[in-house]
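The values are calculated or read from the model by the stated rules, or taken from the named source; none is laboratory data. As the structure is a computational prediction, the values presented were derived from the model and not from experiment. A quick note on method: Cβ atoms are made from the backbone with ideal geometry, for glycine too, and the neighbour counts reach across all protein chains shown. In case anyone asks, the SASA skips ligands and DNA or RNA and just uses the protein heavy atoms, side chains included. Shrake-Rupley method; radii C 1.70, N 1.55, O 1.52, S 1.80 Å.
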Amino acid sequence: MRKKTAAFIVLIIGVLLFSYLFTIGSNKATYDSKRIVESVPSPEFKSLVWSDEFEGSGAINAEKWFHQTQLPPGGSWWGGLVQHYTDRASNSYIKNGYLNLVAKKEIFEDQGEIKNYTAARLNSKFSFTYGRIEIRAKLPTGTGTWPAIWLLNKNIDEDGAYWDNQGFGTTKWPICGEIDILEHWGKNQDYVSSAVHNASSYGSEVKNLGGQKIDDVSNKFHIYTLDWTKEKMVFSVDGVEHFQYQPSIKNSDTWPYDSDYYLILNIAIEPNIDPNFVESPMVVDYIRIYQ
């Protein structure tokens, strides 16, 4: 009887050990598989100057990112958007080597305002002038979702933004300049747009923009790229260009793009959000900046 019991215990231990090792191997394979697609820097921009690979799991790296949560005057984000941005782990976290920004349907009160949706808005604590930026990401889905990965001049006068908090805010939007690497509206699923905003073209009347239809942006990773030189900006997805900005006349109205900009990642919620929407993430594999 004792021999049978001992044999049974050994068998159980063996099964548990095999299961543990198999799980580790599976997790490692899943984790490592995301590194199969590696970026290839352009001939002009060869040196990696800043990146976030979002390794491991847990909180976002506070040395690299700042959660922008302060509401603009009036109590809502520009354009009648209906979300609160929070610094809670439920809206932004790293899991298994991926950054997750999550838009959620939930009642949330902050700064004296009650809203029915939450999301996250990150500012990079790194800024740069000229270079190549690559982002490998999957985008949220759902009518009314509006994810974006973009750049603002660090001189923007915007209370609550990281660089404004550091004392750099001197210039109002759109004079400061804005560079939209990608925007995606859930009401136009799989169409990705890029644009530049400045004193000559901005807001809902922006004329400097372009885009392309992409295969399944919400379930497949794609590489979104901006090549920014002192002459022009080129926007592409998976190496396919869809917009180039190179004004014939460069002045403060058309080209405020000769000073440091910082990166923003966010998911906005439009007023026409699908009433059945519950939550959806933007998932980012890596961000790499070359000069």
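The table that follows gives values for the structure above.
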read-out	value
Contact order relative to length of the chain, as percent, for alpha carbon pairs under 8 angstrom and 6 or more apart	26
Cleavage-rule hits, GluC sites (Glu not before Pro), segment 196-291, DSSP coil, Cβ neighbours within 10 Å at most 16	GLU231
Accessible area in square angstrom per residue, the chain, 1.4 angstrom probe	48
Label point distance in nm, ASN188-ASP274, each placed 7 Å from Cα along Cα→Cβ	1.8
Per-residue SASA entry for TRP77, accessible area with 1.4 Å probe, Å² rounded to 10	10
Rg(Cα) / (2.2 N^0.38 Å) computed for segment 88-208, rounded to two decimals	1.16
13 Å Cα-Cα reach of LYS187 towards aspartates and glutamates, excluding residues that sit fewer than 8 places from it in its own chain	GLU270, ASP274
Theoretical gain in end-to-end length, LYS230 to LYS207 [0.36 nm per residue, Cα-Cα removed]	6.2 nm
Candidate residues TRP185, TRP65: accessible-area rank, largest first, probe 1.4 Å	TRP185, TRP65
Listed pairs LYS115/LYS213; LYS125/LYS213; LYS104/LYS207; LYS64/LYS115; LYS64/LYS95; LYS172/LYS232 exceeding 25 Å between Cα atoms	LYS115/LYS213; LYS125/LYS213; LYS104/LYS207; LYS64/LYS115
Helix 2-33 vs. the chain, principal-axis angle (Cα, 0 to 90°, nearest 10)	20
Euclidean distance of C-alpha centroids, segment 224-257 and segment 148-201, integer Å	14
Rounded accessible area of LEU48 (nearest 10 Å², 1.4 Å probe)	90
Proximal aspartates and glutamates to LYS154, defined as alpha-carbon separation beneath 15 angstrom and excluding residues fewer than eight positions away on the same chain	ASP164, GLU178, ASP180, ASP258, ASP260
Fraction of accessible area attributable to carbon and sulfur, the chain (%, probe 1.4 Å)	56
Order of exposure, largest accessible area first, which applies to SER194, SER200 with probe 1.4 Å	SER200, SER194
Zone of ASN61's modelled label, taken as backbone nitrogen in segment 85-106 under 17 Å from a point 7 Å along Cα→Cβ	93-101
Solvent accessible area, Å² - THR170, 1.4 Å probe, full protein context	110
